[in-house]
1. Being of a type outside the set (D, E, K, R), part of a loop (DSSP other than H, G, I, E, B) and more than 23 Å from ASN90 (Cα to Cα) is the filter here, so list the residues in the stretch 24-46 that pass it.
2. Checking the condition at pLDDT 95 or above, within 16 Å of the chain's Cα centre (by Cα) and farther than 21 Å from LEU64 by Cα, which residue from THR258, THR240 passes?
3. Return the residue satisfying two criteria in turn: it lies in the stretch 136-156 and is open to solvent by 30 Å² or more (accessible area, probe 1.4 Å), of a type outside the set (A, V, I, L, M) and not in a helix (DSSP H, G or I), and of such residues it is farthest from LEU13 (Cα to Cα).
4. Keeping to the stretch 124-135, report how many residues are over 19 Å from THR217 (Cβ atoms) and open to solvent by less than 40 Å² (accessible area, probe 1.4 Å).
5. May I ask you to say which residue of LYS279, LYS287 is open to solvent by 40 Å² or more (accessible area, probe 1.4 Å), under 16 Å from SER257 (Cβ atoms) and over 19 Å from the mean Cα position of the chain (by Cα)?
6. Just to be sure, is SER37 at pLDDT below 95, small (Gly, Ala, Ser) and either over 22 Å from ALA115 (Cα atoms) or crowded, with 18+ Cβ neighbours inside 10 Å (or both)?
7. VAL8 passes all but one of (1) open to solvent by 40 Å² or more (accessible area, probe 1.4 Å); (2) within 26 Å of GLN176 (Cα to Cα); (3) out of contact with any strand residue (DSSP E or B) (no Cβ under 9 Å at 6 or more places or on another chain); which number fails?
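The values are calculated or read from the model by the stated rules, or taken from the named source; none is laboratory data. A quick note: this is a predicted structure, and the numbers were derived from the prediction, not measured. With ideal geometry, Cβ positions are generated from the backbone for all residues, glycine too; neighbour counts draw on all protein chains shown. Heavy atoms of the whole protein, side chains included, go into the accessibility calculation; ligands, DNA and RNA do not. Shrake-Rupley method; radii C 1.70, N 1.55, O 1.52, S 1.80 Å.
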Amino acid sequence: MAASKMNVLHWHLTDTQSFPIQLNRVAEMASYGAYDSSAVYSPNDVRKLIRYAKNRGIRVILELDAPAHAGNGWQWGSDKGLGNLAVCVNQQPWRHFCIEPPCGQLNPANPNMYAVLQDIYYDLAHINKDEMVFHMGGDEVFFGCWNATEEIVNFLIDHGMGQNETDFLMLWSEFQDTALRLWDNALNVANLNRTDTLGNGEGRSASPVILWSSHLTDPLVIEQFLSRERYVIQTWVPSTNNIPQQLQKLGYKLIVSTKDAWYLDHGFWGITTYYNWKKVYDNQLPKGNGILGGEVCVWTEYIDAYSLDGRTWPRAAAAAERLWSNPNTKALQAESRFFRHRDRLISRGIQPEAIAPGWCQQNEGQCH
């Protein structure tokens, strides 16, 4: 990243498959949620990575996705007398309960879930205490899961709500409001008061949080649920979708992750399409106020430590020039520099994928 002039690592820490982070206050999360005892990050491991990145000019923003993408690691509540902290965990047939398997969503009807979430936030705030921004996830909440959970349906009825989309959005927004308050508590306990770097000029307790674009951030409803002063929206829609521009007009700050150009795991599973470095390079950000930057995403369902380099590099580097200088040139004009950059990455011990036959590198501009 440093060699490619990329300066933020957004680390999606957990998902329904695994909760691999050891936490002092809630040791059960990793013991119930990690693949095995060796597939975990200790708090010290995370701090070392953050230090390593900082020494190279890279900030690390942690994400704890919620209330969806939360399954394995949350199953221990009933064993400890806390009830169901999450629902639909590993349920089948999965298409009835989530967007992708394995399933799992937090249980907003259980107050004990919020107590556990508070402890998780305390630990994360202490681990990454020099960073003022936190990513709360918030994508792919599946109302069918909550609607299939008797405890949650009864909670809605008891609070005068039904089971339509509006009611589930209200339930989701109440979860988000509570989660934000819990995060602010964690920052205050960690004594992390300082000015943020996203232009708010407020104390650390009012630092911005990031959410993925979702039903809750739809331009038709977002102002009802989410403050533009507190929330940054990370959009992950195709380049033909105008949701980023609509959110801009409403005054929200955005991070752009164009789904059909900057999702580098695509092309290796399902019906997704592979995006070569030229597609990455030529992807344009929306113009105007509120665009904080962009992010290239590498989701790892089909990637591990042995394939990460090749899937990520050198394609991710093509986005760096777009984000820093937004050049008027197209990828073809950058080709010779990009070939050289791949060689530079190899010299640093990276194993980037090949981007052209050797003949094409010797005869630039003749391979389209």
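1. Residues of the stretch 24-46 that are of a type outside the set (D, E, K, R), as a first pass: 24, 26-27, 29-35, 37-44, 46.
Filter again for part of a loop (DSSP other than H, G, I, E, B), leaving 24, 26-27, 34-35, 37-40, 42.
Within the stretch 24-46, ASN24, SER42 qualify.
2. Working: THR240 fails: within 16 Å of the chain's Cα centre (by Cα).
None of the other options fit; the residue is THR258.
3. Within the stretch 136-156, the match that is farthest from LEU13 (Cα to Cα) is PHE142.
4. Looking only at the stretch 124-135, we keep the residues that are over 19 Å from THR217 (Cβ atoms), and these are 124-132.
Pick out the ones that are also open to solvent by less than 40 Å² (accessible area, probe 1.4 Å) and you get 124-125, 127-128, 131-132.
Going through the stretch 124-135 one residue at a time, the tally reaches 6.
5. Details: LYS287 fails: under 16 Å from SER257 (Cβ atoms).
Being open to solvent by 40 Å² or more (accessible area, probe 1.4 Å), under 16 Å from SER257 (Cβ atoms) and over 19 Å from the mean Cα position of the chain (by Cα) holds for just one of LYS279, LYS287, which is LYS279.
6. Numbers: at pLDDT below 95: yes; small (Gly, Ala, Ser): yes; either over 22 Å from ALA115 (Cα atoms) or crowded, with 18+ Cβ neighbours inside 10 Å (or both): yes.
Against the criterion (at pLDDT below 95, small (Gly, Ala, Ser) and either over 22 Å from ALA115 (Cα atoms) or crowded, with 18+ Cβ neighbours inside 10 Å (or both)), SER37 qualifies.
7. Here VAL8 clears every test but (3).
Rundown of residues vs (1) buried (at least 22 other Cβ atoms within 10 Å of the Cβ); (2) charged (D, E, K, R); (3) on the phi < 0 side of the Ramachandran plot, yes/no style:
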site: CYS88; (1), (2), (3): yes, no, no
site: PRO93; (1), (2), (3): no, no, yes
site: ASP119; (1), (2), (3): no, yes, yes
site: TYR122; (1), (2), (3): no, no, yes
